[in-house]
Every structure is written in C-alpha cells, then in structure tokens.
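K.L.:
First the structure, which I've put down as structure tokens, then a few questions once you've had a look.
Values quoted throughout were computed directly from the atomic coordinates according to the rules given, and no laboratory measurement underlies them. As the structure is a computational prediction, the values presented were derived from the model and not from experiment. Cβ placement follows ideal geometry from the backbone for every residue including glycine, while neighbour counts extend to all protein chains displayed.
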C-alpha cells in the first residue's frame, strides 16, 4: 500500500450539541466546499463528514458519521483534521488547488512556494527566488495542469 501524504486543513473546537457536532476552524479556501460524505483523517483514523454547516459569526460546525454523542465529540476536541493529497483535483477554485498542497515545493525551475496567507478573501503566496516575494494567488500568476502548480508570470 502506498502511503498518502496528508495535509492539515482544520482544527476541531469544542462540542456544540448533544448530537455530536463540533466547531471546526478550517482553511478559508475550503469554506466554499461542503465536505458532505467526504473522507477526512483525525489521529490517523478515517472519518466521514455527515454534515458541515455555517454557524454564527463566520464559524462552522461539523458532524462526523460515527460521532453521535457529546462525549464522542469531546474526544476529538482540539485535534487536527487532514485530507489526502489525492483530492488536489477535487478542491479547485477558479482552476487552482489549495496552495497548502504545494508549500515547500517547486513552482518551476526558479521558484519555491514558501508559505501563503489570507487578506480578506484573497490568498497571497510567499515565493522565493533570491528574495521573498508575495504575489496574489490567482490565474494571472499561476496555472495548474496535470497535477502541477506553476508560476506563469515573472515577478519583479
């Protein structure tokens, strides 16, 4: 069996109800996706998302299929939630995958994606050539083809 790379995209918070819901703080990029019936991993164990819904003040709640009590939900509190790298092509927004899949990876022969950050609803990438540069993460600067993220526009 080939070991899949897993990526942390969320952290679970306190339980919200007696039925097993928990607060989830997930990457802004992923808030466009429902995750219903999707596989995620917590402590190397697979869980299926039964429900993911917005809550008050831009917060979200998640419910996993096998977690149906507040006690089971409490056991998951403060744990990280991961997805497999095989989902790169599934989680695309405007043709680009989540930049977290490519941190510390080469974008082309000259650049490496060091990190990324959010500013409002925009994503910026910190890339490295000789010095660190921050550029917007959009189709004007990046392309995604055949599973590869590429920087398509030189930055001065």
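K.L.:
Would you mind finding the one in 101, 141, 33 that is in contact (Cβ under 8 Å) with a residue 12 or more places away in the chain and over 16 Å from the mean Cα position of the chain (by Cα)?
P.N.:
141
K.L.:
So, in the stretch 5-24, exactly how many residues are exposed (fewer than 13 other Cβ atoms within 10 Å of the Cβ) and more than 14 Å from the chain's Cα centre (by Cα)?
P.N.:
Selection size over the stretch 5-24: 3.
K.L.:
Could you please let me know if residue 91 is in contact with a strand residue (DSSP E or B) (Cβ under 7 Å, 6 or more places away or on another chain) and within 30 Å of residue 16 (Cα to Cα)?
P.N.:
Here the answer is yes, as residue 91 does meet what is asked.
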